[in-house]
Amino acid sequence: MSTNPQLTPEGRLRHLLTIDGLPAEILLQILDTARSFISVTEREVKKVPLLRGRSIFNLFFEPSTRTRTTFEIAAKRLSADVVNLNIATSSQTKGETLLDTVANLSAMNADMFVVRHAQSGAAHLIARHVGPHIHVVNAGDGRHAHPTQALLDMFTIRHYKGGFDGLRVAIVGDVLHSRVARSEIHALTTLGVPEVRVIGPRTLIPVEVARLGVHVFHDMSAGLRDVDVVVMLRLQNERMDGALLPSAREYFKCYGLTAEKLALASPNAIVMHPGPMNRGIEIESSVADGAQSVILPQVTFGIAVRMAVMSILAGN
């Protein structure tokens, strides 16, 4: 019997709140289901009736383009009714609490909430207070987790590399403030990637990160040597307190991905980025748009992965 709040007593997925603590079987179930949805996105009529009659509410308390749009497209391709809440004009601005907002939306027969929030733990809080028939998907909470981004990145890696065995994966940049980095580290280690590296300045690497089973590098040239996958992270200026970097130019010189630095990686290494990209700060345009970049396919795969997550939750 499961004690994980994301799982039903039988061990099936009830909510997707974090990668941490999920067994590899569930991650692989999501990736395999997503693969079956890739063909739907290539059809002339891009719809399947799996969620017909279900109501999915997108609750984005933080700005987002890619994540909110791909969740909306995914839900519509599953034939769900989608409600996008404009938080800037919602009752939240009138002092209503998060749980009151959710309670009122639940009374409108919501079946699923997709939640992005600036506070870590917001999706977990909502999941604890919804009825047993309602599912919650964390679309990013504070610095804590972004599970569907990690899953679509795992899908991308498996698509281009055929699996996870024998890979060296480097996550580069602002690991300290990145919920994507945390979720990726948990996903990569759970799926059996033998070597996960994090690369960045000392001010942007969490002190305890090595406990997660990763190798820490502060020198980018050493960290990129012979890696198969390079995941670049955005500098999260909006989450930084105080000056953690001398300048953007200095950061790019030391930690920006250039063609010269990428040449140190494996010749067939792929380059990924969860977006939005800061060209000329964490990655140069020739690399972002180059032959080894899979940044746009990541976005396309994100629709299939989010379809998979929602269809699995709705079926449990």
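Descriptive notes on the structure:
- Only helices enter the 222 nm calculation for the chain: every DSSP H run of n ≥ 4 contributes -39,500 (n - 2.57), and dividing by all residues gives -11000 deg cm²/dmol, rounded to 500.
- Accessible area of the chain belonging to carbon and sulfur atoms, whole % at 1.4 Å probe: 51 percent
- Beta bridges per DSSP with both ends in the chain, % antiparallel, nearest 5: 5 percent
- Think of a 1.4 Å ball rolled over the protein heavy atoms: the chain then has 43 Å² of accessible area per residue.
- For a label point 7 Å along the Cα-to-beta-carbon line of residue 25, residues of region 143-183 with backbone N under 19 Å: none
- Applying a DSSP loop filter and a limit of 13 other Cβ atoms within 10 Å to the trypsin sites (Lys or Arg not before Pro) in region 150-245 leaves nothing.
- Charge context of residue 311, other residues only, Cβ under 11 angstrom, K/R +1, D/E -1: +3
- Environment charge at residue 255 (Cβ cut-off 11 Å; Lys +1, Arg +1, Asp -1, Glu -1): -2
- For the pair region 99-131 / region 5-79, the C-alpha centres are spaced 16 Å from each other.
- Prolate/oblate/rounded call for region 4-131, Cα gyration tensor, a/c under 1.5 rounded: oblate
- Relative to the current alpha-carbon distance between residue 268 and residue 254, full extension at 0.36 nm per residue lengthens the span by 2.8 nm.
- The angle between the Cα long axis of helix 66-77 and the main principal axis of the chain comes to about 40°, on a 0 to 90 degree scale.
- Helix 295-315 vs. the chain, principal-axis angle (Cα, 0 to 90°, nearest 10): 30 degrees
- For the chain, the longest principal axis of the alpha carbon atoms and the long axis of helix 147-161 meet at an angle near 50°.
- Pairs of lysines in the chain (C-alpha under 21 Å apart; 8 or more residues apart or interchain): 4
The values are calculated or read from the model by the stated rules, or taken from the named source; none is laboratory data. All of these numbers come straight from a predicted model, not from anything done at the bench. All Cβ positions, even for glycine, are placed from backbone atoms using ideal geometry, and neighbour counts span all protein chains on display. Just the protein is used for accessible areas: all its heavy atoms, side chains included, with ligands, DNA and RNA removed. Shrake-Rupley method; radii C 1.70, N 1.55, O 1.52, S 1.80 Å.
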